[in-house]
């Protein structure tokens, strides 16, 4: 295992900041990464002045919780925390103090708002799901589109009362003629991310969230892995009209569980043999 990006000891996962750093260190990625810094008074001011539209996120949160968005107006700032009513702040000092009070001592990221397409006036992303067969390696189990609810600043379905749609349907609606190319990019990018993470830990389920810009280029929003608390939501695929992807994911999970049990049993047998063999 490569050093430098330790797993969180409570969850056995790589937090958002370490995930960003390890991906940023890679060369020739087939997708863009939003500019991201650790949240501080200076970094907050730098990115807000540079992009006029930024996000702030706790490094250890999941499911779209504790996500904020700040947009510069002509003479004020709009602050939206997911699930709360947007607030107007008159100056950047007041804005920073409000955020610092909300997040308290949590380690947070401040991040460029990527230039992504929206769907029907709402945020969306494409979730790809991959599973690691212990004999064949990473399997691309499928993908879908998550569309945030009305007024949401995130695409997470549960927290925003959003919806799930087939990827091809939304790509055809937004970028007709580029659907096949984008799907090829999703496959290649997802497998590359899994290959990178293999250097740090043996994950079995990975869900990757990509946004798309007007050119059809991919922006990586978040990488979700299995950990001690659970894993990427397989149930999202049960919300699609066609159940074939969901059933395929369940079938893969059952096979991988059997493979893991067999491997564990073989290791136990090996251990018992070594303990009973004085030579």
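The values are calculated or read from the model by the stated rules, or taken from the named source; none is laboratory data. Please read these numbers as outputs of a predicted model, since none were measured by experiment. A quick note on method: Cβ atoms are made from the backbone with ideal geometry, for glycine too, and the neighbour counts reach across all protein chains shown.
Please indicate, with yes or no, whether at least one residue in region 36-59 is surrounded by 13 or more Cβ atoms within 10 Å (Cβ to Cβ), more than 18 Å from the chain's Cα centre (by Cα), at pLDDT below 90 and more than 22 Å from residue 220 (Cα to Cα).
Checked region 36-59: no residue is surrounded by 13 or more Cβ atoms within 10 Å (Cβ to Cβ), more than 18 Å from the chain's Cα centre (by Cα), at pLDDT below 90 and more than 22 Å from residue 220 (Cα to Cα).
Which numbered condition trips up residue 55, out of (1) in contact with a helix residue (DSSP H, G or I) (Cβ under 6 Å, 6 or more places away or on another chain); (2) on the phi < 0 side of the Ramachandran plot?
If we test residue 55 against (1) in contact with a helix residue (DSSP H, G or I) (Cβ under 6 Å, 6 or more places away or on another chain); (2) on the phi < 0 side of the Ramachandran plot, just (1) comes out false.
Which residues, taken from region 63-81, are more than 22 Å from residue 92 (Cα to Cα) and either crowded, with 17+ Cβ neighbours inside 10 Å or modelled with pLDDT of 95 or more (or both)? Break it down stepwise before answering.
Our first condition is that a residue be more than 22 Å from residue 92 (Cα to Cα); within region 63-81, this holds for 63-65.
Hit for region 63-81 is 64, nothing else.
Checking the condition surrounded by 12 or more Cβ atoms within 10 Å (Cβ to Cβ), outside the structural domain of residue 63 (by TED's automatic domain parsing) and farther than 20 Å from residue 138 by Cα, which residue from 250, 240 passes? Let's see the steps before the verdict.
On the way: 250 fails: farther than 20 Å from residue 138 by Cα.
From the options 250, 240, the qualifying one is 240.
State whether the residues of region 56-66 include one that is closer than 24 Å to residue 224 by Cβ and in a helix (DSSP H, G or I). Even if it seems obvious, please write down each step before you answer.
Filtering region 56-66 down to residues closer than 24 Å to residue 224 by Cβ leaves 56-66.
Add one more test, that the residue is in a helix (DSSP H, G or I), and what stays is none.
No, the conditions are met nowhere in region 56-66.
So which of 236, 171, 228, 181 ends up being out of contact with any strand residue (DSSP E or B) (no Cβ under 7 Å at 6 or more places or on another chain) and within 19 Å of residue 253 (Cβ to Cβ)? Break it down stepwise before answering.
Details: 236 fails: out of contact with any strand residue (DSSP E or B) (no Cβ under 7 Å at 6 or more places or on another chain); 171 fails: within 19 Å of residue 253 (Cβ to Cβ); 181 fails: within 19 Å of residue 253 (Cβ to Cβ).
Answer to the check: 228.
Mind checking which pairs have a first residue in region 210-222 that is outside the structural domain of residue 55 (by TED's automatic domain parsing) and buried (at least 17 other Cβ atoms within 10 Å of the Cβ) and a second that is in a strand (DSSP E or B) and at pLDDT below 95, Cβ under 6 Å, 6 or more apart or different chains?
none
Within the group 220, 187, which residue is at pLDDT 95 or above, touching a strand residue (DSSP E or B) at 6+ places or on another chain (Cβ under 9 Å) and farther than 21 Å from residue 57 by Cβ?
Details: 220 fails: farther than 21 Å from residue 57 by Cβ.
Of the residues listed, the single one that is at pLDDT 95 or above, touching a strand residue (DSSP E or B) at 6+ places or on another chain (Cβ under 9 Å) and farther than 21 Å from residue 57 by Cβ is 187.
Among the residues of region 224-235, is any part of a helix (DSSP H, G or I), more than 13 Å from residue 125 (Cα to Cα) and assigned by TED's automatic domain parsing to the domain that holds residue 125? So that I can check it myself, show each step before the final result.
Taking region 224-235 as the starting set, the residues that turn out to be part of a helix (DSSP H, G or I) are 234-235.
With more than 13 Å from residue 125 (Cα to Cα) added as a condition, the list becomes 234-235.
Those left that are additionally assigned by TED's automatic domain parsing to the domain that holds residue 125: 234-235.
Taking every residue of region 224-235 in turn, at least one turns out to be part of a helix (DSSP H, G or I), more than 13 Å from residue 125 (Cα to Cα) and assigned by TED's automatic domain parsing to the domain that holds residue 125.
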